[in-house]
Amino acid sequence: ETRIRTGDTTMKLFDRIGQDITAAMRARDQARLAPLRMAKAALMNREVEKGRALEDVEAEQVIASLIKQRRDSIEQFTKGGRPELAAREAAEVALLETYLPPPVDTAAIEAAVDAVVAETGASGAKDLGRVMKGVMSRFAGQTVDGKVVNQLVRQKLGA
């Protein structure tokens, strides 16, 4: 079951988003309502694809992919000279991030990169994919930014 940690109690992520949608509707808060509805729809679509209820990790992956889409949009809007749209997307990212566990800190990522490079004997750009796969697998179920991992791996391998 998809559960989110809220203090000592756990609540299904889907249910928590549903409650937050209701609260946003009562408060007439369109800025919160739109991204919450979009997140609920994405979770429902993924459940339909899978033909079953989502597990914790799967639901978090759906939310993480929505965040990634928003970050890509922010980049495009900034390049296109549309700061008001970039700001709206940034607000949606901040809201969606509250549904994920806290991100892994950079020091832990660096330590994992060093360990995987040592274990695999990676020495250059040709080993980038293997090291990335090893590092990302260590953080399965946790919130980690693939771009940060990629940058650290490239620095370590001199790629």
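The values are calculated or read from the model by the stated rules, or taken from the named source; none is laboratory data. Small disclaimer: the values here were computed from a predicted structure and weren't measured. Virtual Cβ from ideal backbone geometry, glycine too; neighbours counted across all protein chains shown. Note: areas computed on protein heavy atoms with side chains; ligands, DNA, RNA excluded. Shrake-Rupley method; radii C 1.70, N 1.55, O 1.52, S 1.80 Å.
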Selection over the stretch 16-42 where residues are open to solvent by 50 Å² or more (accessible area, probe 1.4 Å) and part of a helix (DSSP H, G or I) yields a count of 11
Any hit, the stretch 43-51, residues being open to solvent by less than 60 Å² (accessible area, probe 1.4 Å) and either modelled with pLDDT of 95 or more or not in a helix (DSSP H, G or I) (or both): no
Could you list all residues from the stretch 89-117 that are more than 30 Å from Leu157 (Cβ to Cβ), in a helix (DSSP H, G or I) and in contact (Cβ under 8 Å) with a residue 40 or more places away in the chain? Ala91, Glu92, Leu95, Leu96
The lone condition Glu92 fails out of (1) open to solvent by 60 Å² or more (accessible area, probe 1.4 Å); (2) under 14 Å from the mean Cα position of the chain (by Cα); (3) over 25 Å from Val135 (Cβ atoms) is (1)
For the stretch 119-138, give me each residue that is in a helix (DSSP H, G or I) and open to solvent by 80 Å² or more (accessible area, probe 1.4 Å). Glu119, Lys126, Arg130, Lys133, Arg138
Looking at Gly81, is it in a helix (DSSP H, G or I) and of a type in the set (Gly, Ala, Ser)? no
Flagged pairs (Cβ under 6 angstrom, 6 or more apart or on separate chains; first in the stretch 19-34, under 11 Å from Glu92 (Cα atoms); second surrounded by 12 or more Cβ atoms within 10 Å (Cβ to Cβ)) are Arg32/Ala24; Leu33/Ala24
Give me the pairs: first residue in the stretch 68-81 and over 17 Å from Pro103 (Cβ atoms), second residue open to solvent by 60 Å² or more (accessible area, probe 1.4 Å) and not in a helix (DSSP H, G or I), beta-carbon distance under 9 Å, and six or more apart or on different chains, which are they? Gln76/Arg82
Do we have any residue at all in the stretch 75-86 that's open to solvent by less than 30 Å² (accessible area, probe 1.4 Å) and under 16 Å from the mean Cα position of the chain (by Cα)? no
Taking the stretch 103-113 as the search range and keeping residues that are modelled with pLDDT of 85 or more and touching a helix residue (DSSP H, G or I) at 6+ places or on another chain (Cβ under 7 Å), which one is surrounded by the most Cβ atoms within 10 Å (Cβ to Cβ)? Val113
